[in-house]
1. Considering segment 106-121 alone, what residues qualify as being farther than 13 Å from residue 186 by Cα and part of a helix (DSSP H, G or I)?
2. On the given criteria, is residue 79 under 30 Å from residue 152 (Cα atoms), at pLDDT 95 or above, in the same structural domain as residue 134 (by TED's automatic domain parsing) and surrounded by 20 or more Cβ atoms within 10 Å (Cβ to Cβ)?
3. Go through segment 61-105 and count every residue that is within 18 Å of the chain's Cα centre (by Cα), assigned to a helix (DSSP H, G or I) and over 15 Å from residue 115 (Cβ atoms).
4. Is it true that residue 116 is touching a residue at least 40 places away in the same chain (Cβ under 8 Å) and closer than 25 Å to residue 69 by Cβ?
5. Using the structure shown, decide if residue 126 is touching a residue at least 60 places away in the same chain (Cβ under 8 Å), part of a helix (DSSP H, G or I) and crowded, with 19+ Cβ neighbours inside 10 Å.
6. Taking segment 141-156, which residues are over 17 Å from residue 84 (Cβ atoms) and out of contact with any helix residue (DSSP H, G or I) (no Cβ under 8 Å at 6 or more places or on another chain)?
7. Looking for something under 16 Å from the mean Cα position of the chain (by Cα) and either closer than 24 Å to residue 145 by Cβ or in a helix (DSSP H, G or I) (or both) - is there at least one such residue anywhere in segment 15-26?
8. Any residue at all in segment 49-66 that's on the phi > 0 side of the Ramachandran plot, surrounded by fewer than 18 Cβ atoms within 10 Å (Cβ to Cβ) and out of contact with any strand residue (DSSP E or B) (no Cβ under 8 Å at 6 or more places or on another chain)?
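The values are calculated or read from the model by the stated rules, or taken from the named source; none is laboratory data. In this text the structure is predicted, and so the values were computed from the model without any measurement. Here the Cβ is made from the backbone with ideal geometry for all residues, glycine too, and neighbour counts use every protein chain on show.
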């Protein structure tokens with residue numbers, strides 16, 4: 001479990017640095033350059049992901065709470081919503097007019113969906129901390145970016161294309177989930 005905790009904390013801290021310690025970030029860039037800073041950032045994230053994966057696989061499943069049968073359906077529906085939000089961060093969509101940070105909002109919804117379907121201690125660490133990180137990051141990034149201008153709403157064709165892409169990626173993730181997570185997400 002220590003490896004999982006370390007990985008999740010490393011992920012969160014590295015992502016929070018630009019918002020909570022901009023002067024530290026700037027000193028690193030000034031001292032090493034923008035390219036090496038990005039390389040260091042990327043290396044830290046890769047290490048965090050490796051620690052998360054290895055920590056997840058090596059942690060015992062200790063159940064902390066029992067879930068009602070409906071939670072699998074709610075979790076599955078929220079998972080689809082998280083894929084739509086994650087997709088909205090990558091293409092023009094009306095969602096971006098209402099949700100300033102669709103990717104972070106998608107991560108939060110993803111974490112809630114997984115907490116609704118996993119009552120284990122390792123799930124609480126992984127999904128709980130990443131959900132909390134996303135909630136903390138949203139207002140910090142908004143403050144750093146300042147006032148926003150609303151993006152233009154795309155046409156219906158572009159909107160449907162984005163939703164279709166999100167639905168396809170979601171279907172692929174559901175299909176592959178048993179191989180990378182060891183359990184089927186289907187209710």
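1. 106, 107, 108, 109, 110, 111, 112, 115, 121
2. On the way: under 30 Å from residue 152 (Cα atoms): yes; at pLDDT 95 or above: yes; in the same structural domain as residue 134 (by TED's automatic domain parsing): yes; surrounded by 20 or more Cβ atoms within 10 Å (Cβ to Cβ): yes.
It is true that residue 79 is under 30 Å from residue 152 (Cα atoms), at pLDDT 95 or above, in the same structural domain as residue 134 (by TED's automatic domain parsing) and surrounded by 20 or more Cβ atoms within 10 Å (Cβ to Cβ).
3. 13
4. Working: touching a residue at least 40 places away in the same chain (Cβ under 8 Å): yes; closer than 25 Å to residue 69 by Cβ: yes.
Answer is yes for this residue.
5. yes
6. Within segment 141-156, the subset over 17 Å from residue 84 (Cβ atoms) is 141-150, 152, 155.
If the condition is that a residue be over 17 Å from residue 84 (Cβ atoms) and out of contact with any helix residue (DSSP H, G or I) (no Cβ under 8 Å at 6 or more places or on another chain), then 142, 145, 146, 147, 149, 152, 155 are the ones that fit.
7. From segment 15-26, those under 16 Å from the mean Cα position of the chain (by Cα) are 15-16; that's our starting set.
Narrowing the set further to residues that are either closer than 24 Å to residue 145 by Cβ or in a helix (DSSP H, G or I) (or both) leaves 15-16.
Yes: one or more hits.
8. No; the residues of segment 49-66 include none that is on the phi > 0 side of the Ramachandran plot, surrounded by fewer than 18 Cβ atoms within 10 Å (Cβ to Cβ) and out of contact with any strand residue (DSSP E or B) (no Cβ under 8 Å at 6 or more places or on another chain).
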